[in-house]
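The values are calculated or read from the model by the stated rules, or taken from the named source; none is laboratory data. Computed from a predicted model, the values in this text were never measured in an experiment. Glycine also receives a Cβ, built like all others from the backbone with ideal geometry; neighbour counts cover every protein chain displayed. For the accessible areas, the whole protein counts, side chains as well, though only heavy atoms, and no ligand, DNA or RNA atoms are used. Shrake-Rupley method; radii C 1.70, N 1.55, O 1.52, S 1.80 Å.
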Amino acid sequence: MAEKGHTLSKSTFIRGVQCLKSLYLNKHRPFLRDRLSPEQLAKFRRGHEVGKLAWQLFPGGINCAPGHPSQYTAALEKTRNLIVEKTPVIYEAAFSHHSVLVLLDILVKNEQGWHAYEVKSSASISETYITDAALQYHVITGSGLSLQSFNIIHLNPDFIRAGIPDVHKLFCIQVVTDQVRGLGSFISAQIEKSRETLSLKHSPSIPTGQHCYKPYPCDFIGHCWKKTDKDSVYSLTGIPFETRARLAAAGHLTIPDIPDGLLEENDAAILASHLSGKDIADKDRIRKMIDGNVTPVFIAFLVVRPAVPVVDGFRPFGPMIVGLNRVDIQGKGESFIVEPGENPVYQIRNKLGQWASESGMIVHSGGEWVKDTLSQHYPDLTEKFIFLDLEEVFLSGYFYRPGLIPDAGINDIAAFLNLTGPDQINISQVMAGVKYMEVKKENMKETLKELGAAISAEADSCRSVYNFLKSIIYNEA
Ligand code: SF4
């Protein structure tokens, strides 16, 4: 069952399915990789924690996880021995077949035979998870162990916390045996392709495109995209990325290559804006959206999305507001952050209600989740006050300036429009949430101060962008 050394693992195999050039560069030019963002590192940590929690579904197992790559051979040996002994539950079971190594989260033995379980820190199953499971099935059965079933364990999207979570309700188990068996020939062919690619003298010539971001943002984007021409179709930032990728795939690589009449109305307007260098500003629509008889208050939210909900009433990954910053129309601001570990729902309701009633209209950014979360956890407030998401103006295409990225986030939009100084703090909402979740007692004070400054900067950006849009309506910009 065990083989010495391996050329592919689960992650490198999936990398090759996404792009063979990425597989090659990862092996032969790893120094060209973009640095892992703190958000990605936090995602890995989360995956590990959820995986361990799922062990409780099959308690009492023996862990074979190698502590270091040098211990893979020992992990394979340990797994092999435990299987021979018919150990009922094995965690991180290691298998190798034709130089492909996989670590299976949970292997279970019952009267019918062996059953494989792979844990995903996600609330649904994606195509990539099925491919990943199919590779594992291929390697495990190829190494000589017959499997009765292959299963994916994921977080239950309908779970709502009420007290300490029961793992049997928190997780769903989906049997995917038929799907993974059906992918057998694809997996064999892809392993072969990956091997051939890794033995090449030079990286394969693969153009950039949609696959650079799907299913995961590739970590060679910095390298491959740096030579993108100024008149590349990808510079048309107001046109959805998928459309630009389709244009490039159809051979329309540069702006002059785009045939007349090919683009739909909105996209054609973006192209015209690039060619003329003029802004798009639909004043009537902007006025309808932002103008009102009430003085707004600008509010930024500090939000966390724990995979396993930590407060009753929340679902896995359910956004939970733990901090607020408000800035009034004159620019006077104030922050409020709930102490980590405390239930934020009531404190946030009180503060938000108080601030909203001083104004009547809350101007914010952040997209759909804000509205959904507020109406779910604070329905009384959402009914009473007007909530205006400023990013909608840009996502709807009511305002566009060549080079603006409509879904960039309010801080980046404000910076692009030269509304903020170079020292503006810009911590992404995701990163701010991660910092809050991972705060330690010893650095709590500084971290909360930093987060307060981050949401304050976001509320300031909202105010600047709001004033900018107002000036457009009244022809001052
Ligand atoms: S950036 Fe795109 S083309 Fe380059 S290696 Fe990654 S996926 Fe492949």
More than 14 Å apart: what percent of Cα pairs in the range 143-208 qualify?
75
Degrees separating the helix 72-84 axis from the principal Cα axis of the chain, which is the longest one:
60
Helix 444-473: inclination vs the chain longest Cα principal axis, degrees, rounded to 10, gives 50
Scale the Cα Rg of the range 228-278 by the rule-of-thumb value 2.2 N^0.38 Å and send over the ratio, two decimals.
0.99
The range 284-473: relative contact order in percent, alpha carbon pairs under 8 Å with at least 6 residues between
28
For the range 142-153, 3J(HN,Hα) per residue [Karplus equation, 6.51 cos²θ - 1.76 cosθ + 1.60, θ = phi - 60°, Hz, x = Gly/Pro]
x, 7, x, 9, 7, 10, 7, 7, 10, 10, 10, 9
Long-range HN-HN contacts of Ile62 with modeled amide H, under 5 Å:
Val89, Ile90, Tyr91
Just want to confirm a number: the relative contact order over the chain, from Cα pairs under 8 angstrom separated by 6+ residues, in percent.
14
Solution diffusion estimate, µm²/s, Stokes-Einstein, the range 8-198, Kirkwood Rh from C-alpha pairs, 4 °C, viscosity 1.567 mPa s
74
Sorted by average packing, counted as other Cβ atoms within 10 angstrom per residue and highest first, what order do 433-444, 409-420 take?
409-420, 433-444
Which ³J(HN,Hα) values in Hz, rounded to whole numbers, follow from the phi angles of the range 254-260 under the Karplus curve 6.51 cos²θ - 1.76 cosθ + 1.60, where θ = phi - 60° and Gly and Pro get x?
10, 4, x, 6, 6, x, 4
With every protein chain kept in place and a 1.4 Å probe, the chain has an accessible area per residue in Å² of 50
Tilt, helix 368-377 to longest principal axis of the chain (alpha-carbon atoms), in degrees rounded to tens, equals 90
List, largest first, the extents of the alpha carbons of the range 257-310 along their principal axes, each in whole Å.
54, 39, 18
Please report the accessible area of Asp407 (heavy atoms, 1.4 Å probe, ligands and nucleic acids excluded) in Å², nearest 10.
110
Using a 1.4 Å probe on the protein heavy atoms only, what accessible surface does Val175 show? Give it in Å² to the nearest 10.
100
What ranking of Arg29, Arg15 comes out by heavy-atom accessible area, probe 1.4 Å, highest first?
Arg29, Arg15
Long-range HN-HN contacts of Phe317 with modeled amide H, under 5 Å:
Ala307, Val308
Fraction of accessible area attributable to carbon and sulfur, the chain (%, probe 1.4 Å)
52
Of Val100, Val430, which has the most accessible area with a 1.4 Å probe, and how do the rest follow in descending order?
Val430, Val100
Once the mean 1/r over all distinct Cα pairs of the range 316-373 is inverted, what Kirkwood radius in angstroms do you read off?
12.6
Solvent-accessible surface (1.4 angstrom probe) belonging to Cys172, in square angstrom, nearest 10
40
Sorted by chain and number, the residues with a modelled amide H under 5 Å from that of Ser149, at a separation of 5 or more or across chains, are Ala116
Between Asp231 and Asn343, what is the spin-label point distance in nm, taking each point 7 Å from the Cα along the Cα→C-beta axis?
6.3
Sequence of Cys64, Cys218 from largest to smallest accessible area, 1.4 Å probe
Cys218, Cys64
Can you give the convex hull volume per residue for the Cα atoms of the chain, as a whole number of Å³?
179
DSSP beta bridges in the range 5-158 [antiparallel fraction, %, rounded to 5]
55
Would you calculate a helix-derived [θ] at 222 nm for the chain, using -39,500 (n - 2.57) for each DSSP H run of n ≥ 4 and dividing by the full residue count, to the nearest 500?
-12500 deg cm²/dmol
Local electrostatic count at Ser273 - Lys and Arg +1, Asp and Glu -1, tallied over other residues with Cβ under 9 Å:
+1
Residue by residue, what Karplus-based ³J(HN,Hα) values in Hz, rounded to whole numbers, does the range 51-66 have, using 6.51, -1.76 and 1.60 with θ = phi - 60° and x for Gly and Pro?
x, 5, 5, 5, 4, 5, 5, 10, x, x, x, 10, 8, 9, 4, x
